[in-house]
1. Restricting to DSSP H runs of at least four residues, report the calculated mean residue ellipticity at 222 nm for the chain, -39500 (n - 2.57) per run over all residues, nearest 500 deg cm²/dmol.
2. Of the DSSP beta bridges with both residues in the chain, give the percent that are antiparallel, rounding to the nearest 5.
3. For the range 1-66 and the range 102-126, what is the centre-to-centre distance using only Cα atoms, to the nearest Å?
4. Carbon and sulfur: what percent of the chain's accessible surface (1.4 Å probe)?
5. Quote the charge dipole size of the chain about the Cα centre in Debye, to the nearest 20; the model charges only the Cβ of Lys and Arg (+1) and of Asp and Glu (-1).
6. When averaged across all projection directions, what area in nm² does the alpha-carbon convex hull of the range 268-361 cover?
7. Using the Cα gyration tensor of the range 47-137, with a ≥ b ≥ c the square roots of its eigenvalues, what is the shape: rounded (a/c below 1.5), prolate (a/b larger than b/c) or oblate (neither)?
8. In Å², and per residue, what accessible area does the range 5-239 have when probed at 1.4 Å with the other protein chains present?
Amino acid sequence: MLPPAASIAAYLERIDAARWYSNRGPLLEELETRLCNYLKLPPFSVSLLGTGSAALEAAIIAHAGTARPDRPLALMPSYTFIATALSAIRCGYEPWFVDVDPETWMPDPKALASHPELHRVGLVMAVTAYGCRPDMEAWVAFQAETGCPVVIDGAGAFEQFEADPSLVRSEVPVMLSLHATKTFSTAEGGAVLWRSPDGWARLAQVANFGMSDERRCEMDGFNGKLSEYHAAVGLAQLDHWPERRARFVALADSYRRAAAVSLSMPGTLRLSPEVSGAYVLIDCIDPERADRVCSSLAALGIASRRWYGRGLHGEPLMQGRGHDPMPVTEWLSGTHIGLPAAVDLTDAQIALVVETLSRVN
Ligand SMILES: *Cc1c(COP(=O)(O)O)cnc(C)c1O
């Protein structure tokens with residue numbers, strides 16, 4: 001649930017008065033500043049963009065540049081949402097999919113440092129699956145050691161950076177999605193967290209067609225701007241963020257309570273704060289049980305989802321692209337099921353979901 005019209009109205013009136021609708025207007029600047037303050041980051045550490053995907057593309061161009069012929073590959077996990085790979089392709093890279101660590105659900109930076117394709121790699125994308133906490137220290141060390149620029153797709157990880165702003169670094173940019181399905185949202189929108197005023201300025205230029213203040217196109221770019229209307233939603237969201245945040249916490253607690261009294265479960269619930277509050281996952285004992293979880297819920301008209309499909313290496317568009325063996329990705333994508341996670345679910349609805357799960361064997 002996003003902020004209701006009444007809480008956005010005062011911001012919309014400011015747009016009417018200023019007649020400034022996009023292109024880094026006053027509401028966007030206010031939202032960047034307020035987010036920096038809220039996340040206890042220095043000024044110019046938050047850049048807002050039109051979508052999470054635009055934020056990812058701008059971060060790639062600003063940090064790694066577009067692909068070069070001698071280093072065409074982008075290493076990335078297969079266990080992610082398709083947007084990760086599409087953004088790299090838009091920047092000229094050829095995705096090469098790697099497997100993830102079974103504990104962190106992210107690629108292991110130590111293992112990647114000796115990847116056989118590394119000499120052809122121009123970009124490494126690490127994804128915080130389901131908004132888990134990234135080991136930024138390890139990614140910064142990987143980048144320093146290999147010279148391969150790293151960009152983090154932290155799409156769902158707002159709460160991790162909120163809990164520990166030291167995860168925001170100057171060496172490696174992190175993208176957040178502010179899409180309506182994520183916790184902190186502007187309906188459509190994205191952000192780059194990066195303790196780098198130079199990086200901030202490059203992101204602004206990339207997202208404005210690569211144009212300088214003199215209206216000269218000096219670098220690669222595109223239209224990646226967030227409008228004042230979306231900034232208005234974001235400001236209203238920030239005004240009411242403590243309540244929205246509390247509702248995500250309450251959702252996870254309600255699932256925890258329901259699971260605690262159920263006799264048997266086909267797997268383990270993975271909930272906020274381990275994952276983003278926008279996700280409620282069940283980590284099933286095996287893929288067959290996971291399939292039965294989906295069909296038992298569907299029989300009651302309850303939706304469930306494998307958020308990352310069966311891994312990107314299985315997507316039709318990605319056929320023929322390079323990838324490592326994928327035992328962990330295949331296991332995780334078979335066994336992780338996304339359960340209903342709306343903040344307005346009632347305890348009774350959640351109890352019904354959990355009771356249905358407990359009858360799956
Ligand atoms: C949501 C998401 C994106 C895309 O963000 P948009 O704001 O929808 O463009 C990218 N990567 C991951 C892992 C996501 O979950």
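The values are calculated or read from the model by the stated rules, or taken from the named source; none is laboratory data. What you are looking at is a predicted structure, and each value in this text was computed from that prediction instead of being measured. Positions of Cβ are backbone-derived with ideal geometry, glycine not excepted, and every protein chain shown enters the neighbour counts. Just the protein is used for accessible areas: all its heavy atoms, side chains included, with ligands, DNA and RNA removed. Shrake-Rupley method; radii C 1.70, N 1.55, O 1.52, S 1.80 Å.
1. -12000 deg cm²/dmol
2. Roughly 55 percent of the beta bridges in the chain run antiparallel, per DSSP.
3. If we compute the Cα centre of each part, the gap is 31 Å.
4. Numbers: 8530 of 15390 Å².
Looking at the chain in its full context, I get 55 percent from C and S.
5. 400
6. 7.1
7. oblate
8. For the range 5-239, the per-residue accessible area is 39 Å².
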